[in-house]
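Engineer: Pasting in a structure now, in structure tokens, and then I'll have a few things to ask.
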Amino acid sequence: MGSLNEAAGGVRLHIGVFGRTNSGKSSFVNAFTGQQVSIAADVAGTTTDPVNKPMEIFPLGACVVTDTAGFDDGSALGKQRIEKTRLAAEKSDIGVILFDGSDMEAELEWFSFFRERKTPVLSVVTKSDNRTPDEIQRLCGEIGKQTGSEPVVVSSATGEGMERVREALARLVPEDFDARSITGSLADEDDVVMLVMPQDIQAPKGRLILPQVQTIRELLDKNCVVVSVTADKMAQGLKSLAKPPKLIVTDSQVFGEVYAGKPKESMLTSFSVLFAAYKGDLPYYMEGARTLDGLRENARVLIAECCTHAPLTEDIGRVKIPRMLRSRLGQGLEIVHKSGTDFPADLSGYDLIIQCGACMYNRKYVLSRVEQAKIQGVPMTNYGVVIAHLTGILDKIAAVP
Ligand SMILES: Nc1nc2c(ncn2[C@@H]2O[C@H](COP(=O)(O)OP(=O)(O)O)[C@@H](O)[C@H]2O)c(=O)[nH]1
Ligand code: SF4
Ligand SMILES: [Mg+2]
């Protein structure tokens, strides 16, 4: 897990810029963001890894604009680069495709890639200062015919059209992007919310801190009264309040004792279940977790981690969940681990996918995995929800409506 800043990338609007090598992606990103983000050059393939530029864009708010390698990179490193470009595409909340000539095959393929994932796409014709009006009209007509949507015409050299890009992007922001909140309608203005924090909150790795920080921030923004305790201080914390909290959010490790000790008026949920909903598809995850009960002893389970963090000794995905699964389903269970960009395109060999908490990734990226699982008819759940199910608490939690 990285720094707070890096991880906060998980909640920004991700705008990815795609196109062939030399189509003008880097120049476009520079011109659009008004800053020198990445190197633009005549030499094909200057941008090798995706370059992320976090910034505030009016009226879009906090964004990350990503400049990518050309999707036609033919170099020796090309395959790896295209893989990284694909990952950037999966993370994008909005895809921008630069069209740069009459051969549009690759561009249209990428257009379909986004459409299939229900990611809004903006088509852009750039270098307008360098094209005749006839050429622009012909390009736009063809793009309109092929995609059913009108491209925005810009020049990165003169800055022409950048305002229209901003407006078009604002119209494309997914409706639920801002509206999505961690606690949903479980907590409102003036509600008292008690957070039962992990005992090891000061653990040097800091792996568990971000969800708690984000939850506190959101509750304070909602004008709730937030009380934080560790499990051993919960009774004392409750006694100090004039009335029971409306909601208790607990670290799932201590769910049992918090459940036993909570006032009956208080709703109870866990950070991991709140984040399963925030970062993924909670109903699908709950359904997926329940399919565990019907799994054969020799079933194949895919544990999918989003990044290649160094495994901890008591790592949830590597140690804890496999141990729980085997004690429930027997030693014949086959567990396959994939991390980072290794998420398989073909999921047909798996009976269940268990996705990590995706703390470093945005909702869009996780949902693109969920979408693949749904299309291929494979049940999927995540760490928090599967642990909740295996420890028998899934039916006791209040889920975000
Ligand atoms: N005249 C003109 N040239 C452009 C424009 N955008 C990019 N270029 C040129 O096209 C070449 C490739 O641009 P670059 O941004 O590096 O393309 P990338 O490979 O897609 O990132 C460079 O020589 C740029 O100067 C533009 O709007 N107008
Ligand atoms: S594997 Fe998933 S949960 Fe673990 S650190 Fe990476 S993104 Fe976060
Ligand atoms: Mg470039």
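Engineer: Determine the sum of side-chain charges near residue 160: Lys and Arg each +1, Asp and Glu each -1, restricted to other residues whose C-beta is under 12 angstrom from that of residue 160.
Structural biologist: Taking every other residue near residue 160 into account, the sum is +1.
Engineer: Let me ask something else about it. If I fit a long axis through the Cα atoms of helix 105-116 and take the longest principal axis of the Cα atoms of the chain, what angle between them do I get, 0 to 90°, rounded to 10?
Structural biologist: That works out to roughly 30 degrees.
Engineer: Need one word for the chain: rounded, prolate or oblate. Basis is the Cα gyration tensor (sqrt eigenvalues a ≥ b ≥ c); a/c below 1.5 gives rounded, then a/b vs b/c decides.
Structural biologist: On the way: a/c = 2.43, a/b = 1.70, b/c = 1.43.
In terms of gyration-tensor shape, prolate.
Engineer: Any chance you could give the angle, 0 to 90 degrees and rounded to 10, that helix 78-91 forms with the longest Cα principal axis of the chain?
Structural biologist: 60 degrees
Engineer: Determine, for each peptide in 369-379, 336-346, 292-302, the mean count of other beta carbons within 10 angstrom over its residues, then list the peptides with the highest first. Mind showing how you got there, number by number?
Structural biologist: On the way: 369-379: 16.8, 336-346: 13.2, 292-302: 15.1.
The most tightly packed comes first, giving 369-379, 292-302, 336-346.
Engineer: Moving to a separate point now. Give me the 1.4 Å probe accessible area per residue for the chain, excluding ligands and nucleic acids, in Å².
Structural biologist: On the way: 18570 Å² over 401 residues.
That works out to 46 Å² for each residue.
Engineer: Work out the count of Lys pairs in segment 283-396 where the Cα-Cα distance is under 21 Å, with the pair 8 or more places apart or on different chains. Before the final figure, lay out each step's value.
Structural biologist: Values: 320/338; 338/364; 338/374; 364/374.
Taking the Cα cut-off of 21 Å, the pair count is 4.
Engineer: Let me ask another. If one computes the Cα centroid of segment 352-401 and of segment 130-187, what distance in Å separates the two points?
Structural biologist: Taking the Cα centre of each part, segment 352-401 and segment 130-187 sit 32 Å apart.
Engineer: Right, next: According to a simple spin-label model (label point 7 Å from Cα along Cα-to-Cβ), what is the distance in nm between residue 137 and residue 241?
Structural biologist: Placing both labels 7 Å beyond Cα along the Cβ direction yields 6.8 nm.
Engineer: Is the shape of segment 184-273 best called rounded, prolate or oblate, per the rule: a/c under 1.5 gives rounded, else a/b larger than b/c gives prolate, else oblate, with a ≥ b ≥ c the square roots of the Cα gyration tensor eigenvalues? List each step's numbers first, then the result.
Structural biologist: Numbers: a/c = 1.67, a/b = 1.15, b/c = 1.45.
Oblate is the answer for segment 184-273, as a/c is 1.5 or above yet b/c matches or exceeds a/b.
The values are calculated or read from the model by the stated rules, or taken from the named source; none is laboratory data. As the structure is a computational prediction, the values presented were derived from the model and not from experiment. Cβ sites come from the backbone with ideal geometry, for glycine too, and all protein chains shown count toward neighbours. Note: accessible area is taken over every heavy atom of the protein model, side chains too, but ligands, DNA and RNA are not part of it. Shrake-Rupley method; radii C 1.70, N 1.55, O 1.52, S 1.80 Å.
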